[in-house]
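Structure record follows, encoded as structure tokens.
The values are calculated or read from the model by the stated rules, or taken from the named source; none is laboratory data. Computed from a prediction, not measured in an experiment: that's the story for all the values here. Using ideal geometry, Cβ is built from the backbone for each residue, glycine included, and neighbour counts are taken over all protein chains shown. Ligands, DNA and RNA are excluded from the accessible area calculation, which covers all protein heavy atoms including side chains. Shrake-Rupley method; radii C 1.70, N 1.55, O 1.52, S 1.80 Å.
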Amino acid sequence: MPTNKFPLNNTNAATAGRAMASSAPYRVDSLRKNRPPFPWFGMDIGGTLVKLVYFEPKDITAEEEQEEVESLKSIRRYLTSNTAYGTTGIRDVHLELQDLTMCGRTGNLHFIRFPTHDLPAFLQMGRDKHFSGLHTMLCATGGGAHKFEADFRKMVDLQLRKLDELDCLVRGVLYIDSVMSSCSSECFYFETPTEKERSVQRPFSLENPFPLLLVNIGSGVSIMAVYSETDYKRITGSSLGGGTFLGLCSLLTGCSSFEEALGMASQGESNSVDKLVRDIYGGDYERFGLPGWIVASSFGNMMFKDKRESVSKEDLARATLVTITNNIGSIARMCALNENMERVVFVGNFLRENTLSMKVLAYSMDYWSQGQLKALFLKHEGYFGAVGALLELFNSSSAEHKNEDVKNEISPD
């Protein structure tokens, strides 16, 4: 069963668990009092995708079930009995965390995603299922928490608690790694990445994670130096991210989805699109240790008409993927050197089912650092911001109850 090593509301979760198991009834009553009402959601509304995490309680008592309103049951049935919602919503079943204990309740944590442009359909679903009657606040992060705040109020009568996306990202990464460590590793790397035929995926322990460089690849890229659970900073970023890849692929190939673009890239060959060092020097550039196969100019061959006419859409997709990935890897490597960090953790939905980019990043980090830098990856990819928002739901509820207790103590009878 997963356990929680990292703190919720600045209280060690393992200590909280022992306290719950004790016979002191006031501790149990306090935990119950500080719980937010169901349903428990966390949202990360990005520029391309909305990521939603939902906690499904599995320890509902007969009394609770009898008192539970129909709209709450309807929401739970709808989210857990489907793996697809409409034409674009997906529940990533392979990422589900079962028998997880959160805020004193045991259940399953579900991971759901859909395109941001389909957010109105999600809001309509919430309205149809009378979500506003169950919640007065929803914890959300990402730029969309600001952009669509008025829509949540107007369509669903919901107040958003807007959270900083980088705070949520770090909190979510540390929490998920902590609960996964007891059953299977969340973190992994590619062994011998410069030997393509022998490169295999291996688990990696983040038991002592700090310091690390955290590279979040969504529509764009943000790079953070993380020194501890509470000490981190954004170093830099790039506008060339997953949104760039899909946008350019859509223009160059006519594809209509990230999955389609990745599929095309997996069938293509980028060397016919890019100009390599050997295309310029006829071989290696030995003085500076540049082998002939290194890309000298991304898309450099496309200036020639005959080259343009000979490449396929798959080649263009592959070259686009390699261009974006190499740029991210180069920036990350320089940041790691500047911050004197050896571990670089790549996350974000750009890496979802994107083994091609992960291997390119692993290769480039290892090759150009002469084995000094290790590229690490996480199984839950782009859901960490949503997880961090969910954790804040518990903190917010606890703070509200504390404020209410203070009011009651100072109020006259």
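A few points about this structure:
- Residue ID - most open to solvent (accessible area, probe 1.4 Å), chosen from residues in the stretch 190-208 that are closer than 23 Å to Val173 by Cα and among the charged types (D, E, K, R): Glu207
- Subset of the stretch 84-104 that is small (Gly, Ala, Ser) and not in a strand (DSSP E or B) - its residue that is most open to solvent (accessible area, probe 1.4 Å): Gly86
- Evaluation of Asn327 against (1) within 26 Å of Ser222 (Cα to Cα); (2) free of Cβ contacts under 8 Å to residues at least 40 places away in the same chain; (3) in a helix (DSSP H, G or I); (4) among the polar types (S, T, N, Q) (one fails), failing number: (2)
- Checked against the criterion of being surrounded by fewer than 18 Cβ atoms within 10 Å (Cβ to Cβ), small (Gly, Ala, Ser) and part of a loop (DSSP other than H, G, I, E, B), the candidates Ser256, Ser250 yield just one match: Ser256.
- Residue match in the stretch 57-73 (condition: within 20 Å of Gly388 (Cα to Cα), in contact (Cβ under 8 Å) with a residue 12 or more places away in the chain and of a type outside the set (D, E, K, R)): yes
- Among the residues making up the stretch 358-388, those that are surrounded by 24 or more Cβ atoms within 10 Å (Cβ to Cβ), farther than 24 Å from Phe41 by Cβ and among the small types (Gly, Ala, Ser) are Ala362, Ala375.
- Residues of the stretch 130-159 that turn out to be modelled with pLDDT of 95 or more, loosely packed, with under 15 Cβ neighbours inside 10 Å and closer than 15 Å to Pro36 by Cβ, as a count: 0
- Of all the listed residues (Val69, Val50), the sole one being at pLDDT 95 or above and either under 30 Å from Ser239 (Cβ atoms) or more than 19 Å from the chain's Cα centre (by Cα) (or both) is Val50.
- Within the stretch 205-228, residues that are more than 28 Å from Phe245 (Cβ to Cβ) have Cβ atoms under 9 Å from residues that are of a type in the set (Val, Ile, Thr) and open to solvent by 30 Å² or more (accessible area, probe 1.4 Å) in no pair, counting only partners at least 6 apart in sequence or on another chain.
- Test: residue in the stretch 291-298 that is in contact (Cβ under 8 Å) with a residue 40 or more places away in the chain, surrounded by 16 or more Cβ atoms within 10 Å (Cβ to Cβ) and in contact with a Phe, Trp or Tyr (Cβ under 9 Å, 6 or more places away or on another chain): no
- Total residues in the stretch 328-367, condition polar (S, T, N, Q) and under 22 Å from Gly172 (Cβ atoms): 3
- Positions within the stretch 259-304 being outside any loop (DSSP other than H, G, I, E, B) and closer than 30 Å to His117 by Cα, in sequence order: Glu259, Glu260, Ala261, Leu262, Gly263, Met264, Ala265, Ser266, Gln267
- Residue within the stretch 161-170 that is crowded, with 20+ Cβ neighbours inside 10 Å and in contact with a Lys or Arg (Cβ under 7 Å, 6 or more places away or on another chain) present: no
- Identity of the residue in the stretch 213-229, assigned to a strand (DSSP E or B) and not aliphatic (A, V, I, L, M), that ends up surrounded by the fewest Cβ atoms within 10 Å (Cβ to Cβ): Ser222
- Test for Phe346: is it open to solvent by less than 70 Å² (accessible area, probe 1.4 Å), more than 29 Å from Met224 (Cβ to Cβ) and modelled with pLDDT of 95 or more: no
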